[in-house]
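The values are calculated or read from the model by the stated rules, or taken from the named source; none is laboratory data. Predicted, not measured: the structure shown is a model, and the values here were computed from it. No Cβ is skipped: glycine too gets one built from the backbone with ideal geometry, and neighbour counts run over all protein chains shown.
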Amino acid sequence: MYSQVSRGVEAAVIGGDVRLSADGRTVDIPAIWLRDNAPDADSRDVLSGQRLFDIVDLPADIRVEEASVAEDRLRVRFTPGGHQTSFALDTLLGEVNQVANLDLRTERAKRLWSDAARAAALEPVEWESYLRHPAPALRQVVEWGFVLLQGVPAEAGQVTKVAETFGYVRETNYGRIFDVRVEPNPVNLAFTGLAITPHTDNPYREPVPTLQLLLCLHNAADGGDSGMVDGFAAAAELRETDRAAFDLLTSTPVTYRYRGDGTRLGAVVPLIGLDAEQRIREIRFNNRSMQVPLTDPARVRAFYTAYRSFAELLYKPRAQLNFRLETGDCLIFDNTRALHARTAFAASGGRHLQGTYADLDGLNSTLRRLEEQGR
Ligand code: FE2
């Protein structure tokens, strides 16, 4: 039985569920989903929009008894219980794309670049222009994995102020800020002049800091150039070219450890993390702190072969975007995706970066708000 038609949308009750039809497309919506998402004041708090009941409060055998479309709304009555509610059709049909729109973390929301020349075309963003209009730079972090700000005040502590333009500093045992320069008794190879191959930071934390910011206060060193590699692109390439290796790296937990200054950190995770639908979601790659569990020898050998293949993709010169951070340059990057590297440098020339960690949820929240406001 078809109901009234509103803007070409028709509703029918089929087997106790609702079928919406419009322009030759149909969407089937189970009764339990409709009841669970009922927006009326008996079901949701008017101010917060939060749900007022629990799944066990709903009849397990709930069905839609009657459905009709009028004035851009779908009206339904349920049985048993007789609860009535209505949905704005725009909102309801928008739900179909809701998951995709909310997911800013997996490869679904990204533009992958296995060739650094693609990312090299992105222009740095001037600090003053960023402050006036931050959304494009934040969107670049989501889609490309990094953004380079220029003309940021090269002052001690400023890097946390950059993080606070979109979110919150993630304080760790390194403090709110860490200095990247040569130190006399370094607790980390980052604080030496040695070359550092592409890696993600702090894989031994759970949860991992999902964003890193590096502000250059001063760089007169020979060398010490910075590099970025798209870890998602390398993982996608491995999936394409060697599925067995990809499957091993996504299903074998490895351990990451850090000891120092009274701290004992550890995490047990795969190198490549997937979401529940097998999309690439998180890379943790750090040759300095990763340890492969000593299990079945054949599996250990196969793991090392897969690990080497992935490393070869990440270390390909073509995959690495190189640039030299100058005074006032601030690199913001997704520490779950963009690997960073640096070439060796001489201690005498002087190179001083300040870094801080932050989290993607803060950046993503700010970006969603700005884009909702059309800014
Ligand atoms: Fe690092």
Selection from segment 203-212 of residues that are within 12 Å of the ligand (Cβ to nearest atom) and not polar (S, T, N, Q): 203, 209
Matching option when the condition is touching a Phe, Trp or Tyr at 6+ places or on another chain (Cβ under 8 Å), without any contact (Cβ under 8 Å) to a residue 60 or more places away in the chain and away from the ligand (no atom under 13 Å from the Cβ), among 248, 238: 248
Residue that is farthest from residue 107 (Cα to Cα), among those in segment 280-309 that are β-branched (Val, Ile, Thr) and either out of contact with any Ser or Thr (no Cβ under 9 Å at 6 or more places or on another chain) or surrounded by 13 or more Cβ atoms within 10 Å (Cβ to Cβ) (or both): 300
Filter result for the condition that a residue is closer than 28 Å to residue 207 by Cβ, at pLDDT 95 or above, more than 16 Å from the ligand (Cβ to nearest atom) and aliphatic (A, V, I, L, M), over 319, 338: 319
Options 170, 176, 139, 132: the member that is more than 26 Å from residue 208 (Cβ to Cβ) and either outside the structural domain of residue 319 (by TED's automatic domain parsing) or not polar (S, T, N, Q) (or both): 132
Extreme residue, surrounded by the most Cβ atoms within 10 Å (Cβ to Cβ), among residues of segment 63-90 that are outside any strand (DSSP E or B) and without any contact (Cβ under 8 Å) to a residue 40 or more places away in the chain: 81
Tally, over segment 192-224, of residues that are farther than 21 Å from residue 332 by Cβ and of a type outside the set (Val, Ile, Thr): 9
Single unsatisfied condition, residue 163 versus (1) within 13 Å of the ligand (Cβ to nearest atom); (2) small (Gly, Ala, Ser); (3) buried (at least 22 other Cβ atoms within 10 Å of the Cβ): (1)
Subset of segment 218-248 that is of a type in the set (A, V, I, L, M) and not in a helix (DSSP H, G or I) - its residue that is farthest from residue 270 (Cα to Cα): 220
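Rundown of residues vs (1) modelled with pLDDT of 95 or more; (2) of a type in the set (Gly, Ala, Ser); (3) within 37 Å of the chain's Cα centre (by Cα), yes/no style:
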site: 7; (1), (2), (3): no, no, no
site: 32; (1), (2), (3): yes, no, yes
site: 35; (1), (2), (3): yes, no, yes
site: 38; (1), (2), (3): yes, yes, yes
site: 64; (1), (2), (3): yes, no, no
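Yes or no, residue by residue, for (1) within 16 Å of the ligand (Cβ to nearest atom); (2) touching an Asp or Glu at 6+ places or on another chain (Cβ under 9 Å):
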{"position": "140", "(1), (2)": "no, no"}
{"position": "172", "(1), (2)": "yes, no"}
{"position": "190", "(1), (2)": "yes, yes"}
{"position": "201", "(1), (2)": "yes, no"}
Positions within segment 67-92 being of a type outside the set (S, T, N, Q) and farther than 16 Å from residue 9 by Cβ, in sequence order: 77, 78, 80, 81, 82, 83
So residue 308, is it more than 28 Å from residue 103 (Cα to Cα), more than 16 Å from the ligand (Cβ to nearest atom), part of a strand (DSSP E or B) and free of Cβ contacts under 8 Å to residues at least 12 places away in the same chain: no
Failed item in (1) assigned to a helix (DSSP H, G or I); (2) hydroxyl-bearing (Ser, Thr, Tyr); (3) touching a strand residue (DSSP E or B) at 6+ places or on another chain (Cβ under 6 Å), with residue 336 passing the rest: (1)
All positions within segment 143-157 that are within 11 Å of residue 333 (Cα to Cα) and either assigned to a loop (DSSP other than H, G, I, E, B) or outside the structural domain of residue 326 (by TED's automatic domain parsing) (or both): 145
Qualifying position, being closer than 20 Å to residue 95 by Cα and in the same structural domain as residue 86 (by TED's automatic domain parsing), among 39, 59: 39
Residue within segment 117-128 that is basic (Lys, Arg) and not in a helix (DSSP H, G or I) present: no
